[in-house]
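Below is one structure; the comments refer to it alone.
The values are calculated or read from the model by the stated rules, or taken from the named source; none is laboratory data. As the structure is a prediction and not an experimental result, all values here were calculated from the model. Cβ sites come from the backbone with ideal geometry, for glycine too, and all protein chains shown count toward neighbours. These area figures cover heavy atoms from the full protein model, side chains too; ligands, DNA and RNA do not enter into them. Shrake-Rupley method; radii C 1.70, N 1.55, O 1.52, S 1.80 Å.
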Amino acid sequence: MYWEKYYFAQSIEETLELLKHYEGDARIMAGGTDLMVQFKYNYLSAKVMVDIGRIKELNHIRQENGHVSIGATTTHTALATSPYLQKHFQVLASGVRTIGSPQIRNAGTIGGNVANAQPAADGSIALVALGATICGISPDGPFSRPIESTFLNPGECALNSTAELITSFTFPAPGPRDRSAFVRHSRRAALALPIMNMGLWLRLNEEEDGIEDARIAIGPMARVPFRAKKTEAFLRGAKLSEAVLDEAGELTFEEVSPRDSFRGSAAYKKELVRVYLKRAVLEAVGERSVGK
Amino acid sequence: MCTQNEIMFTAEAKESITFTLNNKEYTVPVVPGERLLDMLRNRLGLSGPKEGCGAGECGACTVIFNGINLNSCLIPAERADGAVITTIEGLSEGIEGDLDPVQQSFLDHGAVQCGYCTPGMVLSAKVFLDHNKSTPVTRPMIKEALSGNLCRCTGYQKIVDAVYACAPVKGDPEEEGEV
Ligand SMILES: Cc1cc2nc3c(=O)[nH]c(=O)nc-3n(C[C@H](O)[C@H](O)[C@H](O)COP(=O)(O)OP(=O)(O)OC[C@H]3O[C@@H](n4cnc5c(N)ncnc54)[C@H](O)[C@@H]3O)c2cc1C
Ligand code: FES
Ligand code: FES
């Protein structure tokens, strides 16, 4: 028996009240794709489930006041098939499209993906590349903070899902010179964890022949989604050319320090980031925009 | 003011759930902590959904849930409340009755060997075909749609052929590509 009581919360307020009432014995359930597996293998237990899947306002993709807002219970399928995201935020649409299988994407949510705090969660990597803010509500009131501050360790999130609720993720509305891409290396295309995944966001300069700003997130390279800050700094102000991209890949190779794991050796993962950094930029800007 | 023990929420944990399963309405008592898969198999006698892995990896437990395919091993049974669910049993009256065109096509193409994956495969194929009634269907699209359903016997080719044969609008039959 996985739980004793199962509630469908009707509102955000009710979610908080239920969690508070059960004082740590109740846990938020969204798609259940992580939780049901954790219950099966006894990694986790909870007496009371608070299902947030029926709270309408948590399920949305919208642009408002210069920001994009993605509701926490939006499924990976909804994100991957959103024409708006496909057009303006490739990194997110194609990032979540790589998750698991159609069945997993039909159930799994972006909020659960982040709350699960895996260093190579595809949704988290994409949101870190977008510089997203995580918005939620805790017993002390609403909060919003940079998404990166929520990741503490593999599987360990600064957010307590027995007391706090993620409501949405926000990031700046698309600019005309913004580009992004998601690249991933895995054993198979479906139902395979990434050996390496990378989210990239770029803002081109006004001439569109160079890079004004960049954000790069890579997994699994550290205990949390890794920001390639040295490469980002190098790309800021750089002109787009094959030589520059080769040099950028070299920098990324140097700044990551992955570990040997069942997914692949550290040396192999380092080689991967070198190759994929360049591929990601080419995918984001289009091969023709890059000079020799 | 609330006293300390006063319950401040109006939600109630349900004692029973009501749903439509294979075109029939059911109301059943809640068994706390139950998976949808167990409710279907153990309480409602439907052995079509199978347990392969119990962890979302194989798709043998696939059901159609409000029009989309889900792994019933990962769905709390409570969530069935208010839902419309189809299992393989809901597609036809069995071998004696009229088979669903997708089932018939699986037979015609020799796409079934041990049969363990077949209910899930057919249901994922149904959802895919329902969503692509006017889109030209290609083999890579079918492979992607069935990528959450594993088969240890057939090598997939005949399954893909069986689904392709059912597509109302067919794209390039030769198109291959990585999924
Ligand atoms: C077979 C399989 C393959 C997978 N493949 C991939 C993959 O390729 N890439 C990948 O990134 N992931 C993968 N996953 C992991 C998983 O599908 C995702 O992480 C999913 O997004 C989790 O979302 P959920 O809604 O199902 O979370 P749930 O299981 O409902 O919840 C997960 C955790 O988050 C908490 N939580 C959920 N929503 C909130 C919220 N709004 N506020 C606060 N806490 C919350 C829960 O309490 C729980 O602790 C896979 C899983 C399976 C079973
Ligand atoms: S039994 Fe549900 S996916 Fe394998
Ligand atoms: S026919 Fe045996 S698993 Fe597919």
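Along the positive direction of the dipole of segment B:1-156 (beta-carbon charges: Lys, Arg +1; Asp, Glu -1; about the Cα centre), which of B:54, B:92, B:137 reaches farthest? Farthest towards the positive end: B:137. Remark on residue A:195: its backbone amide H falls under 5 Å from those of A:185, A:186, A:187, a criterion applied only to residues 5 or more positions apart or on other chains, H modelled at 1.01 Å from N. Shape analysis of the protein assembly as shown based on the Cα gyration tensor places the equivalent ellipsoid semi-axes at 38, 31, 19 Å, largest first.
Entry note, segment B:68-149: relative contact order of 30 percent, from Cα contacts under 8 Å with a spacing of 6+ residues. Computed over segment A:206-292, relative contact order equals 28 percent, with contacts defined as Cα pairs under 8 Å that lie 6+ residues apart. Rounded to the nearest 20, the Cβ-based charge dipole of segment B:17-166 about its Cα centre (Lys and Arg +1, Asp and Glu -1) stands at 360 debye.
On a 0 to 90 degree scale, rounded to 10, what angle separates helix B:157-166 from the longest Cα axis of chain B? Once rounded, one gets 80 degrees.
When both bridge partners sit in chain B, DSSP labels roughly 80% of those beta bridges antiparallel. The peptide list B:119-126, B:78-85, put in order of mean Cβ contacts within 10 Å with the highest first, becomes B:119-126, B:78-85. Our helix-only sum for chain B, with -39,500 (n - 2.57) per DSSP H run of n ≥ 4 divided by its residues, gives a mean residue ellipticity at 222 nm of -6500 deg cm²/dmol. Its DSSP H runs of at least 4 residues, each contributing -39,500 (n - 2.57), put the calculated 222 nm mean residue ellipticity of chain A at -9500 deg cm²/dmol, to the nearest 500. Converting phi to 3J(HN,Hα) with the Karplus coefficients 6.51, -1.76 and 1.60 and the offset θ = phi - 60°, segment A:131-146 yields x, 6, 9, 9, 10, x, 9, 10, x, 7, x, x, 9, 8, 8, x Hz in sequence order, with x at every glycine or proline. Modelled this way, with points 7 Å down the Cα-to-C-beta line, the labels at residue B:152 and residue A:265 are 3.2 nm from one another. Remark: mean inter-chain Cβ contacts per residue of A:269-280 equal 0, using a 10 Å Cβ-Cβ cutoff to other protein chain atoms. At a cut-off of 20 Å², which residues of segment B:70-84 become less accessible once all protein chains are present than in their chain alone, using a 1.4 Å probe? By number: B:70, B:71, B:74, B:76, B:78, B:79, B:81. Summary value for chain A: 15 percent relative contact order, contacts being C-alpha pairs under 8 angstrom separated by 6+ residues.
Spin-label pair residue B:26-residue A:236: with each label point 7 Å from Cα along the Cα-Cβ axis, the two points sit 5.9 nm from one another. For chain B, lysine pairs with C-alpha atoms less than 23 angstrom apart, excluding pairs fewer than eight positions apart on the same chain, total 15. Magnitude of the charge dipole for segment B:38-86, about its Cα centre and with charges confined to Cβ atoms of Lys, Arg (+1) and Asp, Glu (-1), is about 120 debye. Highest mean packing comes first when the peptides A:159-170, A:248-259 are listed by Cβ atoms within 10 Å, giving A:159-170, A:248-259.
This model, with +1 at the C-beta of Lys and Arg and -1 at the C-beta of Asp and Glu, gives segment A:1-159 a dipole about its Cα centre of some 500 debye. Couplings 3J(HN,Hα) for segment B:123-134, derived from phi with the Karplus relation 6.51 cos²θ - 1.76 cosθ + 1.60 (θ = phi - 60°), are 5, 5, 5, 4, 4, 4, 5, 4, 7, 10, 5, 10 Hz, where x marks Gly and Pro. Shown in residue order for segment B:137-144 are the 3J(HN,Hα) couplings computed by the Karplus curve 6.51 cos²θ - 1.76 cosθ + 1.60 at θ = phi - 60°: 8, 10, 4, x, 5, 5, 4, 5 Hz (x for Gly and Pro).
Annotation: amide H-H contacts under 5 Å for residue A:68 (H modelled 1.01 Å from N, sequence separation of 5 or more, or interchain): A:171, A:173. Using the Cβ-Cβ distance between residue A:67 and residue A:140 with R0 set to 22 Å, the FRET efficiency works out to roughly 0.40. Along the axis of the charge dipole computed for chain B (Cβ charges of +1 for Lys and Arg, -1 for Asp and Glu, origin at the Cα centre), the listed residues B:116, B:19, B:29 are led at the positive end by B:116.
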